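Undergrad: Take this structure first; my questions come after.
The values are calculated or read from the model by the stated rules, or taken from the named source; none is laboratory data. No experiment lies behind these values; they were computed from the predicted model shown. Virtual Cβ from ideal backbone geometry, glycine too; neighbours counted across all protein chains shown.
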Amino acid sequence: MPEVSLHVKTPLVQSRSVARAAGGSVWLKLEALQPPGSFKIRGIGAACQEYLRRGARRFISSSGGNAGIAVAYAGRQLSVPVLVVVPTTTSDRARELLDQEGAQVVVHGASWQEANACAQSILEADDAFLHPFDDPLVWQGHATMIDEVAEAGFMPDAVVLSVGGGGLLCGVIEGLRRNGWPAVPVVAVETEGAASLNMALQAGYRVELESISSIATSLGAKQVCARAFALSQEHPVHSVLVSDKEAVSACMLFLDDHRLLVEPACGAALAVAYQRAFELRQFDNLLVIVCGGATATVEHLRQWSRSFE
Ligand SMILES: *Cc1c(COP(=O)(O)O)cnc(C)c1O
């Protein structure tokens, strides 16, 4: 019997409003509509199902963000208990969302490193650890969003997406390749304070950032995964940086234009699409991955906007 996936097929819609400033046409893959609020459930959901098949009795995560929320959602759907270890810096909002999904939340340590070390130390034989971005099962799952674009009969000239640890990038490139589009370029967007891919491409090796200074916490991986770096050398990948202010403004515009609330991590990719920087003008049919994100509220966006005034 075919297994039901934990993610939903998302709409692919043309956006006149995102395209209005710069022209051309812009298509949005609305991953913000996934039940747990972000694209992460595609890869994490597929990985959870596979680990369950291999005998896992519990799912463990150390993400206080959308990855942890996706694991909690998957666990609830599959009736597998979930434990998420998060650092004290995790927002009340994120804890509330984890709680809502019925995950057991343990708060440990002042940083993600400490929370993650704690999560690793409690792993038992029947536990599966779900990495937020560095797992081939996760990339395969993310690739399904491109399968859906291909099924819809739309071939993009370029794909715009956000990059944190690079799992989304790996999944989208895998999706482009398996649908026969190995030459479609990817515009990889980060915020200035979370530029791990951009720095790595400049340096020629996987730089580890000393700290993350962006409010786009979902992009806050200090180092991209090895696969993302390798793919960005093989595949046409254009790295673009935006400021936190541009990312938040794009979230606000998008909220009015499409009535969808997304995190600044997603606003970063939208900012590039709205402005359609000079380099992007050559592409007539842009596909923007609206990756979503559940941890920002309207009030958070307002506060950030005010703080930039
Ligand atoms: C995780 C996440 C990203 C970045 O994805 P990576 O796979 O870490 O590159 C971007 N936006 C949102 C909303 C996320 O949750």
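Undergrad: If we scan the range 198-208, do we find a residue that is touching a residue at least 12 places away in the same chain (Cβ under 8 Å), among the acidic types (Asp, Glu) and either surrounded by fewer than 19 Cβ atoms within 10 Å (Cβ to Cβ) or in contact with a Pro (Cβ under 9 Å, 6 or more places away or on another chain) (or both)?
TA: Scanning the range 198-208 turns up at least one residue that is touching a residue at least 12 places away in the same chain (Cβ under 8 Å), among the acidic types (Asp, Glu) and either surrounded by fewer than 19 Cβ atoms within 10 Å (Cβ to Cβ) or in contact with a Pro (Cβ under 9 Å, 6 or more places away or on another chain) (or both).
So that you can scan it fast, the table gives a plain yes or no per residue for (1) assigned to a helix (DSSP H, G or I); (2) within 16 Å of the ligand (Cβ to nearest atom); (3) within 22 Å of Ala226 (Cα to Cα):
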| site | (1), (2), (3) |
| --- | --- |
| Val105 | no, no, no |
| Phe133 | no, yes, yes |
| Cys170 | yes, yes, yes |
| Ile173 | yes, yes, yes |
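Undergrad: For the range 9-35, name all the residues that are surrounded by 13 or more Cβ atoms within 10 Å (Cβ to Cβ), farther than 11 Å from Leu260 by Cβ and of a type in the set (A, V, I, L, M).
TA: Hits for the range 9-35 are Leu12, Val18, Ala19, Ala22, Val26.
Undergrad: I'd like to know if the range 293-307 contains one or more residues that are among the hydrophobic types (A, V, I, L, M, F, W, C), over 23 Å from Val13 (Cα atoms), surrounded by fewer than 24 Cβ atoms within 10 Å (Cβ to Cβ) and in contact with a Lys or Arg (Cβ under 9 Å, 6 or more places away or on another chain).
TA: Yes, there is a match, as at least one residue in the range 293-307 is among the hydrophobic types (A, V, I, L, M, F, W, C), over 23 Å from Val13 (Cα atoms), surrounded by fewer than 24 Cβ atoms within 10 Å (Cβ to Cβ) and in contact with a Lys or Arg (Cβ under 9 Å, 6 or more places away or on another chain).
Undergrad: Related question: Specify which of the listed residues (Val4, Val71, Val18) is of a type in the set (Val, Ile, Thr) and assigned by TED's automatic domain parsing to the domain that holds Gly171.
TA: Going through Val4, Val71, Val18 in turn, just one is of a type in the set (Val, Ile, Thr) and assigned by TED's automatic domain parsing to the domain that holds Gly171: Val18.
Undergrad: What do you reckon, is Ser91 on the phi < 0 side of the Ramachandran plot, in contact with a Gly (Cβ under 7 Å, 6 or more places away or on another chain), within 16 Å of the ligand (Cβ to nearest atom) and not assigned by TED's automatic domain parsing to the domain that holds Val172?
TA: When the stated conditions are applied, Ser91 does not pass them.
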